[in-house]
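S.K.: One structure follows; several queries about it will come next.
The values are calculated or read from the model by the stated rules, or taken from the named source; none is laboratory data. Everything numeric in this text was worked out from a predicted model, so none of it was measured. Here the Cβ is made from the backbone with ideal geometry for all residues, glycine too, and neighbour counts use every protein chain on show.
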2 protein chains.
Amino acid sequence: MELPSKLLEKTVSYFESLPGVGRRTALRYTLQLLKMQKEDALNFGASVIKLVEELGFCSICHNVSDGDICQICAHPKRDTETICVVEDLRDLLAIESTSQYYGVYHVLGGVISPLDGIGPKDLHFESLVSRLAEGTCKEVIFALPSTMEGDTTSFYMFKRLKDFNIKTTSLARGVAVGNELQYTDELTLGRSIQGRLPYDNAMRTF
Amino acid sequence: MELPSKLLEKTVSYFESLPGVGRRTALRYTLQLLKMQKEDALNFGASVIKLVEELGFCSICHNVSDGDICQICAHPKRDTETICVVEDLRDLLAIESTSQYYGVYHVLGGVISPLDGIGPKDLHFESLVSRLAEGTCKEVIFALPSTMEGDTTSFYMFKRLKDFNIKTTSLARGVAVGNELQYTDELTLGRSIQGRLPYDNAMRTF
């Protein structure tokens, strides 16, 4: 599909570089920009530039933050003895939305993935190690995706953090709430049997 | 889902204004911008601003164009006696990709839609009328979407163009090539019977 304008072509190709966006969708987005109020479209472009140039990160946990320290790390009622390690901001927001976690976070910024050329040095590991070396933390929760890369990263951290006298836990894997057993895949069902809990303990979460 | 940064919030809300993009997808796009090479992300923003400020339109057919007149209108072998009226650039590209049309176009920039407050005056009707008044055009093809709004627009144009001694045609509605009759909806099948063609005529397109 050859476009009749180089300017258009350029913007479409930038939209195409977003995840899950093909050429048709990119063109649809670009034409929408032209249908918008001109001022809104200009502000769109300016906001992208401003975001990339000015967005800051928390110096403690690497969460996105307008100030030097993010709202969660700065919150006086948060339990700094528990650190939950997540891949990125979206996972952090997902955990926050459960209202079940009152500790602090550490945002790795990705997971180890040799195929994509991402090793431990590309992630925020060293700052996690120095946080733990301070000695206030008593438990680290690995809340990484349940994929090959996520599991590899958890295992790497587990080995790396062995020397610290700190409890390491991982999110429970099991049957999703509301799901039928017959439609749950074997791996998940298997993990849910291995990780079974005393009944009164399991009910405590309700 | 409350975001921890106002800068982030702003860009996410701009992405949300694109068609079919919800809050989660908008956040995904925004985080991708932060993962990109900084230069690429800056160029993304700059290209949006440049597009909105500098993109030009053909002074004849309102197609997107880098020059005053678009490649199609300027092409010496295009048949200027036939004008195909389309809603927007995407429909024009779709027709171009068939390689079955050698005439020129007229891009309306939308369809009449009272619910969205779009009337004939918001579209490029008047320039179509003045093109026809020049007298070179012999046929106008209505290639608008097969929706309530598209049909309304075609009917409006039909009434408006009656006084000109010009043939007006509409795209054929019928069973899509490769589709089974039993899975075609009644309306489409009904239209395909009404619009049936002599067999030798129908085969000519192959």
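S.K.: State yes or no: is B:E54 touching a Leu at 6+ places or on another chain (Cβ under 9 Å) and surrounded by 15 or more Cβ atoms within 10 Å (Cβ to Cβ)?
M.R.: Details: touching a Leu at 6+ places or on another chain (Cβ under 9 Å): yes; surrounded by 15 or more Cβ atoms within 10 Å (Cβ to Cβ): no.
Spelling it out, it is not the case that B:E54 is touching a Leu at 6+ places or on another chain (Cβ under 9 Å) and surrounded by 15 or more Cβ atoms within 10 Å (Cβ to Cβ).
S.K.: Looking at (1) in a helix (DSSP H, G or I); (2) facing chain A (nearest Cβ under 7 Å); (3) at pLDDT 90 or above, which is the only condition B:L7 fails?
M.R.: (3)
S.K.: Now for a different question. Does the range B:80-92 hold any residues that are outside any helix (DSSP H, G or I) and aliphatic (A, V, I, L, M), and which are they?
M.R.: B:I83, B:V85, B:V86
S.K.: Continuing with the same structure: Helices (runs of 4 or more DSSP H) wholly in the range B:15-79 with at least 3 residues that are of a type in the set (A, V, I, L, M, F, W, C) and more than 7 Å from chain A (Cβ to nearest Cβ) - which ones?
M.R.: Of the helices (runs of 4 or more DSSP H) lying wholly inside the range B:15-79, those with at least 3 residues that are of a type in the set (A, V, I, L, M, F, W, C) and more than 7 Å from chain A (Cβ to nearest Cβ) span B:71-74.
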